[in-house]
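Take a look at the following structure, please.
A short reminder: the numbers here are calculations on the coordinates, not readings from a lab. Everything quoted here is computed from the prediction, not taken from an experiment. Positions of Cβ are generated from backbone atoms using ideal geometry, with glycine treated the same way; all protein chains shown enter the neighbour counts.
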Amino acid sequence: MVSTVLNTDVKQKDADHAVVIAVTSRAVFGSGADDDEVYGEGLAFPLLQALQRVNEHLLMNNPAELLLFDIVLLTTDSQQQQQSPRIISSTRHYGLEVGRFCFSSEEDFVENLLKNNVQLFLSTDRNEASQATQRGVLSALLDHQTASCPSEQLKVLFFGDAVIQPDTGPTPPSRQAARSFSAQLGEMQRRFTMSDSPLSIGLVTWRGGRDSCADALHTLRSRGVRVDEAYCLAEAPWGPILSVFRPHFLLSDGFGGLEG
Amino acid sequence: MSEIKDSSAKAEESRTEKDWKEAKAAFDNLKSTKPRPPKPQNAVTIAVSSRTLFSMVWERKVFKEEGVEKYVAHHMDHEDEPLKPGAAFPFVKALMNVNSRLRELYPDSEELFDIVLMTNNHAQVGVRLINSINHYDLAIERFCMTGGQSPIGYLKAYMTNLYLSTDSKKVKEAIEEGIAAATMFLPEKEIALSDTQLKVAFDGDAVLFSDESEIIVKQHGLDALFEHEKQFENKPLAQGPLKCFLEALGKLQRKFYAKNERLNCPIRTYLVTARSAASSGARVLKTLRSWGLEIDEALFLAGAPKGPLLLKIRPHIFFDDQMFHIEGAKEMGTISAHVPYGIGQKYNKSKLIEQPEQPAKKESPKKI
């Protein structure tokens, strides 16, 4: 069963211009004890706050701004569906800028994503992210190394190897979704100067050397994305670099599941 | 209906063309004749900042006078113009030469120099940096362009053996984190350097060794030091910030010796110290020996200026902890790198530099 509940605490965003990001409630809230009314803060809590800060800055610059993040809190299984009142009350308790709540089961959560015109789906569950990608929804996997970074800025990292990967056939829908999402990020970025941006866009390339990274920089530039930080690893180990950069999420064209 | 089909066919065609170009680029990349960079744990990693690798004096002026946006825009406007070589450029070329020689003798080994560009610059400036690296065909495949964030974490992530920058704050921070580092200065003249042998010159105290002896000199003078050192000849000195870098160089040198290339070794190291051979020299040599380290030439100046001797050596880089030695070397054309470590930082020649009054302190700072 699929249902959508609007959060009346929050002003609804303009559907034509907002960038819809769905995050699973499991990622945002930690487990609370049964008799507590309110959930604890989960892995993706800092990520949500960073998204909110971007909105705040956008509105500060232009109170009539329509290009904002529209955050949807998604439950993806029947068990969680039963917790819906608590999910809603916890959201209100923390004053999170969630526009609406979507409740569904394992079988139909992707339908929910498509129905709600979700442009980016963030989950801690690899299976969920994979399913969404297969249906053409841009997804990113959240884990302890990402998401929970308490940075003031929203830090997005593009995985450059995927950015310049040649297609073997027609462009997959998830890749198209990635391109349009990145173009929107680029648009948001242009609202700010380099020194006062609440959004930081990074690029990391692993395969190849400096030329691969240069190509990825050019490709992103052509999509209107201004990369702030670039890391060319030339096959050096990921982990140490990622643990310094601490992005909130990592984007590749399609599903960004980076092993190791 | 047909119009829609035509335009979609055209779009398909241009997409296919683009995809083909991308595929070719990826394939060419894979077939690149460039050697693969070694894994950081096997390599001697040298991190250089953009301003040590290239001279960006004019651009720096734009940054200071007009701010970061104009600075980045300036670079983007001149993206295809290569930057001029900076202080670390000859050093980098010399490292590349050592790598070629090592690859000839040990084709499968990853014990090589790995040069990483470690810059605070914005990634948009990075495009010009990459273009410049391409122009000079430098062997730099790894970089971090941190867009203003501190490089220290990344230095550690790359297991950096030596960090060179023009920013003394960052260099100090690196040293405090246990990473060998030095602030580079562009020499005032250009002199010819060897292109077959990497030459690295080190000061002794507070560079290879701790500043314990430096403290004695500052407090009691050079003669007192010489006496003290004679007394403690057999007690090894403690390590200084660049000891591990000398060690790394020694390890690579031994690879050449193992193949009978001692006379033709493309790395040569020098100790250039104010110590006197007669009195305080022994302790230094014994300390090196106790560490299992060799230095090719030890030059004891007994207090004489270092400039003229360095001119004879012509190192690709000269490390010293005292700014007046750096200034002297610079004037005569030696590429110098200041190691901001130890008691020498509080003095100018032998005078204690007056520290500005700290507003919160109630008592006046103690003077040694």
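With a cut-off of 14 Å, note down the residues of region B:305-325 whose backbone N falls inside the zone around a label point 7 Å from the Cα of residue B:353 toward its beta carbon.
Counting only backbone N, you get B:321-325.
Net charge within 13 Å of residue A:72 by Cβ-Cβ distance, Lys/Arg positive one each and Asp/Glu negative one each, not counting residue A:72 itself?
That works out to +1.
Binned at 10 Å from 0, what are the whole-percent values of the Cα-Cα distance distribution for the protein assembly as shown, short to long?
Per 10 Å bin, starting at zero, the Cα-Cα P(r) for the protein assembly as shown comes out as 3, 14, 22, 20, 16, 12, 8, 4, 1, 0 percent.
Pick from B:266, B:37, B:241 the residue whose mean-square fluctuation is largest in a GNM of chain B, springs joining Cα atoms under 10 Å.
B:37
At residue B:297 and residue B:73, where each label point lies 7 Å from the Cα along Cα→Cβ, what is the point-to-point distance in nanometres?
With each label point 7 Å from Cα toward Cβ, the separation is 5.2 nm.
Looking only at region B:198-352, where both bridge partners belong to it, what percent of the DSSP beta bridges are antiparallel (to the nearest 5)?
Antiparallel bridges: around 15 percent, rounded to the nearest 5.
If the elastic network links every pair of Cα atoms under 10 Å, which of B:210, B:336, B:290 fluctuates the most in the Gaussian network model of chain B?
Maximum among the listed residues: B:290.
To continue, here is another question. Evaluate the distance, in nm, between pseudo-label points positioned 7 Å from the Cα of residue A:107 and of residue B:192 along their respective Cα→Cβ axes.
Result for the modelled spin labels: 8.4 nm.
Further question on the same structure: Which of B:292, B:250, B:307 moves the most in a Gaussian network model of chain B with Cα springs under 10 Å?
Its mean-square fluctuation being the largest, the pick is B:292.
Say the dipole of the protein assembly as shown comes from +1 at the beta carbon of Lys and Arg and -1 at that of Asp and Glu; which of B:269, A:45, B:338 then lies farthest toward its positive end?
Of the options given, the answer is B:269.
Go through chain A and flag any cysteine with no other cysteine's C-beta closer than 4.7 Å, please.
By the Cβ distance rule, which asks for a partner under 4.7 Å, the isolated cysteines are A:102, A:149.
If each residue's Cβ is checked for other Cβ atoms within 10 Å, how do A:16, B:223, B:296 rank with the fewest at the top?
A:16, B:223, B:296
Now for a different question. Taking the convex hull of the Cα atoms, report for region A:119-159 its projected area averaged over all directions, in nm².
The number I arrive at for region A:119-159 is 3.3 nm².
Also, quick follow-up: Rounded if a/c is under 1.5, else prolate if a/b beats b/c, else oblate: with a ≥ b ≥ c from the C-alpha gyration tensor eigenvalues square-rooted, which is region B:40-184?
Oblate, since a/c reaches 1.5 and b/c is not below a/b.
Could you please tell me the mean projected area of the C-alpha convex hull for chain B, averaged over all directions and given in square nanometres to one decimal?
If I average the Cα hull's projected area over directions, I get 24.8 nm².
Using only the alpha-carbon atoms of region B:198-352 as identical scatterers, what base-10 log of I(q)/I(0) does the Debye formula give at q = 0.16, 0.18, 0.19 Å⁻¹?
-0.86, -1.09, -1.21
Which of B:239, B:99, B:163 sits farthest toward the positive end of the charge dipole of chain B, with +1 on the Cβ of Lys and Arg and -1 on the Cβ of Asp and Glu?
Looking along the dipole axis, the top candidate is B:239.
What distance in nm separates the simple spin-label points at residue B:260 and residue A:59, each placed 7 Å from Cα in the Cβ direction?
7.9
In addition: In what sequence do B:208, A:251 fall when counting other Cβ within 10 Å, fewest first?
The order, fewest Cβ neighbours first, is A:251, B:208.
May I ask you to compute the full-extension gain from residue A:195 to residue A:5, defined as 0.36 nm times their residue separation minus their alpha-carbon distance, rounded to one decimal in nm?
64.6 nm is the gain from fully extending residue A:195 to residue A:5.
If the chain between residue A:126 and residue A:223 were fully stretched, how many nm would it gain, using 0.36 nm times the residue separation less the Cα-Cα distance?
This chain segment gains 32.1 nm when fully extended.
How about region B:68-144: which GluC sites (Glu not before Pro) there lie in a loop by DSSP and see at most 13 other Cβ atoms within 10 Å?
Answer in residue order: no site qualifies.
Next question, about the same structure. How long is the gain from residue B:168 to residue B:227 if the chain were fully straight, where each residue apart is worth 0.36 nm and the alpha carbon distance is subtracted?
Working it through step by step, the gained length comes to 17.9 nm.
Where in region A:113-204 are there GluC sites (Glu not before Pro) that are in a DSSP coil and have at most 16 other Cβ atoms within 10 angstrom of their Cβ?
Those satisfying the criteria are A:152.
Give me A:118, A:20, B:57, B:207 ranked fewest to most by other Cβ atoms within 10 Å of their Cβ, as a rough exposure proxy.
Least to most surrounded, the residues fall as B:57, A:20, A:118, B:207.
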